[in-house]
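The values are calculated or read from the model by the stated rules, or taken from the named source; none is laboratory data. These numbers were taken from a predicted model, which means no experiment stands behind them. Reconstructed Cβ throughout: ideal geometry from the backbone, glycine too, with neighbour counts over all protein chains shown. With ligands, DNA and RNA removed, areas are computed over all heavy atoms of the protein, side chains included. Shrake-Rupley method; radii C 1.70, N 1.55, O 1.52, S 1.80 Å.
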Amino acid sequence: MADHAEQPADGAAAPHTHEKREHWSGQTAFILAAIGSAVGLGNIWRFPGQAYEHGGGAFMIPYLVALITAGIPILFLENAIGHRFRGSAPLAMKRVHRNAEGVGWLHVAICFVIGLYYTAIIAWAVSYFFFSFDLSYADDPAGFFTADYLQLGEAGTVSLSFVPHVLIPLAAVWVVTIVILALGIHKGVERLNVIGIPVLVATFLVIVVRALFLDGAADGVAALFTPDFAALTDPQVWIAAYGQIFFSLSLAYGIMITYASYRRRRSNITAPGMVVAFGNSSFELLAGIGVFATLGFLAHEQGTTVAGLDNLAGPFLSFVTFPAVIAEMPGGAFFGALFFGSLVLAGMTSLVSVLQVISAALQDKFGLHPRGSAVAVGLVSAVLSIIGFGTTTGLYLLDTVDQWSNQLGIVAGAITMIAAALWFGRRGHELERHLAAVSTMRPGRYWIWLVNAVAVLLIYMFAEKAVSLIRDGYGGYPGWYLAVFGWGTAAFLLAVALLMPLLRWRRDIARFHAWPTREQLALPAEVGERHTEDYDPKGEP
Amino acid sequence: MTGDALTLMLVSIVLIWGGLAASIVYVARRPENDHMPAGGEDTRVPD
C-alpha cells in the first residue's frame with residue numbers, strides 16, 4: 001500500500017500525495033452504496049406502519065419537516081466528519097476531539113449488535129424466497145412462521161435448541177457477507193451496491209405496479225393517505241416522524257462517517273447527500289404505496305377493511321401478512337419470490353454497511369488488512385449470531401436487543417456525536433466551511449442551528465424511551481430477561497465505548513493533516529495536538 | 001379515496017420523488033466543485 005497522505009500545513013499540494021484509505025471508484029458508486037445502506041428492511045416494514053398509525057396522510061407533513069430539518073442536516077454532519085477526518089468512526093471522532101474516540105466505539109458496538117440479529121432476518125427472507133416457489137406458507141401463514149419455521153419456544157426463556165431451517169440460511173448469509181467484506185470497498189461493498197440497488201428498485205417497481213392493479217388496492221392506498229389532521233397536535237406523532245427519518249437514514253451509528261471517509265478528498269459532499277436522503281425517502285414512499293395496496297387487496301379478499309387487519313408493521317408484516325397476500329393473489333409464487341428477494345437485497349446492502357463500520361474500526365485501531373479484519377469480524381459475529389438467533393427463542397431475543405440497541409443506543413450515539421463535534425470539539429464552523437469548500441451546494445449557517453436543535457429533541461427522545469423502558473419494561477418479558485438481554489445490551493455498548501479507547505493505536509494516527517487546511521477555510525490555526533502518546537511504534541504494520 | 005388523501009399523496013410524491021429527480025439533475029449538471037482550494041490530491045490504493 002502507498003504511504004499515508006501528507007499535506008503541508010500551509011495547504012499547498014505536496015509533490016507526492018498518497019492516501020492509504022481505500023476509495024469508492026466514483027461519486028455514483030458512493031451514492032448507490034449510501035442509498036444501499038439507508039434503504040433496508042425498515043423502509044419496507046416500518047415506514048408504512050408508522051405512517052398509518054400516526055395520522056395517515058397527515059404524517060407526511062411532520063415526516064417531510066423531519067427530513068429537511070433533521071435527516072439531511074445530520075447526514076451532512078456525518079459526511080463532513082468522515083470526509084474531513086478520514087477515518088473509521090473511532091478514528092474520525094478522535095480527530096474531532098481527543099476525548100471523543102469512545103463515541104466512535106459506541107457506534108461500532110451498536111453496529112456489532114445490530115449485525116448479529118439483522119443477519120437472522122435476512123436468513124428468514126432467504127428461506128421465504130425458496131418457500132415461495134411452492135407457497136409452503138400459504139395455508140396458515142401465522143402458524144407456518146411461528147410454529148413450523150421458527151419453532152418458537154416460550155417467550156422470556158433462553159434456549160440452545162437450534163432450528164435447522166434458520167441455522168443453515170443464517171450460516172450461508174454470514175459466509176456471503178464475509179466474502180463481500182473481504183473483497184474490500186471497491187470489489188466487494190461497491191460492487192454489491194452498484195448491482196444490487198438498481199435490481200432492488202426495478203424489482204420493487206414491478207411488485208408495486210402489480211399491487212396497484214389488485215382488487216381493493218385503491219382502498220389500501222386510501223387508508224395510508226387519508227389524513228387525520230388532529231394527529232398533528234400530538235407531540236408523539238412528530239417524535240415518530242423524526243424517529244422514522246432518523247432510523248431510516250442509517251444515521252448515528254458510524255455508517256455515513258465510514259462511507260464518507262472512503263471518498264476522495266476532492267469530492268462533492270452535500271449534493272450527493274441530498275440524492276441519498278431523497279433516494280431513501282423515495283424508496284420508502286414507494287414501499288408504503290406498495291404495502292398498503294397489497295393490504296387493501298387482502299382486506300378485500302377477507303371482506304374487511306385495512307383497519308380490520310392485524311400485523312401491519314414489523315417482521316410479522318413481512319413474514320405473516322405478506323405471505324397471506326401472496327397466497328391469494330394470482331401468480332403468487334412469482335411475486336412472493338420477488339418480494340422476499342427484495343428483502344434479501346435490501347437487507348444485504350444495509351448489513352454490509354453495518355459490518356464495514358466494525359471492520360474499518362479494527363483496521364484503523366489495530367492496523368489490520370481489510371481481508372483479515374473482515375474475516376475476524378465476520379467469524380466472531382457469525383458464531384454469536386447463530387448461538388443467539390438460530391434457536392427457538394431467537395425472535396424474542398431479537399425483539400429485546402433491538403429495543404435497547406436501536407431505539408436507545410442509536411439515539412445516544414447521535415447525541416454524543418453532536419456533543420463531541422459541536423459542543424466540546426467546537427468544530428461547527430470548520431465542518432460547515434469544509435462542506436462549503438468541497439461541495440457544489442453550501443450548507444449555510446442554519447445547518448449548525450438545525451443540528452443543535454435536533455440534539456435537544458434527541459435528548460428528549462432518549463430520556464422518554466429510557467424512562468419508558470425502566471418504568472414499563474418491554475413486550476411483557478420478565479424482569480430478569482430484560483435485565484440480562486436489554487440492559488445487558490446497553491451495558492455492553494457502554495463498556496465498549498469506555499474500554500476500547502484505553503487500548504493503544506497500532507497506527508501512527510498523528511500523521512494526519514486535514515484538508516482543506518484551517519488556513520484555507522479562513523479559520524485561526526488550531527493549537528497543535530499530536531496523539532503520539534497513543535502510538536505504539538512496535539505495533540505499526 | 002377522499003380529496004384530502006389524494007392531495008396528500010400527490011404532494012408527497014411531487015416533493016419526495018421530485019426532490020430526488022431535482023437532486024440527481026443538480027449533481028449530474030455540476031458533479032464537482034470547480035473552485036476547491038489547492039491540494040487534496042490522493043491516489044487510489046492498488047486493488
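Okay, here's what the table says:
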read-out: Selection status of B:Val45, at pLDDT 90 or above, open to solvent by less than 70 Å² (accessible area, probe 1.4 Å) and facing chain A (nearest Cβ under 7 Å); value: no
read-out: Qualifying positions in region B:14-38 - within 7 Å of another protein chain (Cβ to nearest Cβ) and farther than 30 Å from A:Leu183 by Cα; value: B:Leu15, B:Ile16, B:Trp17, B:Gly19, B:Leu20, B:Ser23, B:Tyr26, B:Arg30, B:Asn33, B:Met36, B:Pro37, B:Ala38
read-out: Any hit, region A:201-216, residues being closer than 30 Å to A:Pro62 by Cβ, within 14 Å of chain B (Cβ to nearest Cβ), in contact (Cβ under 8 Å) with a residue 12 or more places away in the chain and among the small types (Gly, Ala, Ser); value: yes
read-out: Filtered residue count, region A:464-490, keeping only those that are open to solvent by 60 Å² or more (accessible area, probe 1.4 Å) and free of Cβ contacts under 8 Å to residues at least 12 places away in the same chain; value: 6
read-out: Members of region A:263-274 found to be surrounded by fewer than 24 Cβ atoms within 10 Å (Cβ to Cβ) and either hydrophobic (A, V, I, L, M, F, W, C) or without any contact (Cβ under 8 Å) to a residue 40 or more places away in the chain (or both), listed by number; value: A:Ala271, A:Met274
read-out: One residue from A:Gly303, A:Gly341, A:Gly331, A:Gly314 being surrounded by fewer than 23 Cβ atoms within 10 Å (Cβ to Cβ), within 16 Å of A:Pro198 (Cα to Cα) and either within 19 Å of the chain's Cα centre (by Cα) or small (Gly, Ala, Ser) (or both); value: A:Gly341
read-out: Residue that is nearest to A:Val467 (Cα to Cα) [pool: residues in region A:394-412 that are touching a Pro at 6+ places or on another chain (Cβ under 9 Å) and open to solvent by less than 30 Å² (accessible area, probe 1.4 Å)]; value: A:Leu398
read-out: Hits in region B:1-12 (condition: facing chain A (nearest Cβ under 7 Å), open to solvent by less than 80 Å² (accessible area, probe 1.4 Å) and in a helix (DSSP H, G or I)); value: B:Ala5, B:Leu8, B:Met9, B:Ser12
read-out: Residues of region A:253-272 classified as within 14 Å of another protein chain (Cβ to nearest Cβ) and among the hydroxyl-bearing types (Ser, Thr, Tyr), total; value: 4
read-out: Contacts under 6 angstrom Cβ, first residue in region A:419-445 being away from every other protein chain (no Cβ under 14 Å) and touching a residue at least 12 places away in the same chain (Cβ under 8 Å), partner in a loop (DSSP other than H, G, I, E, B) and open to solvent by less than 20 Å² (accessible area, probe 1.4 Å), 6 or more apart; value: A:Ala420/A:Ala100; A:Ala421/A:Arg427
read-out: Pairs where the first residue, in region A:385-398, is small (Gly, Ala, Ser) and the second is open to solvent by 20 Å² or more (accessible area, probe 1.4 Å) and assigned to a strand (DSSP E or B), C-beta under 6 Å, 6+ apart; value: A:Gly390/A:Phe162
read-out: Test: residue in region A:1-14 that is surrounded by fewer than 20 Cβ atoms within 10 Å (Cβ to Cβ) and either modelled with pLDDT of 50 or more or away from chain B (no Cβ under 12 Å) (or both); value: no
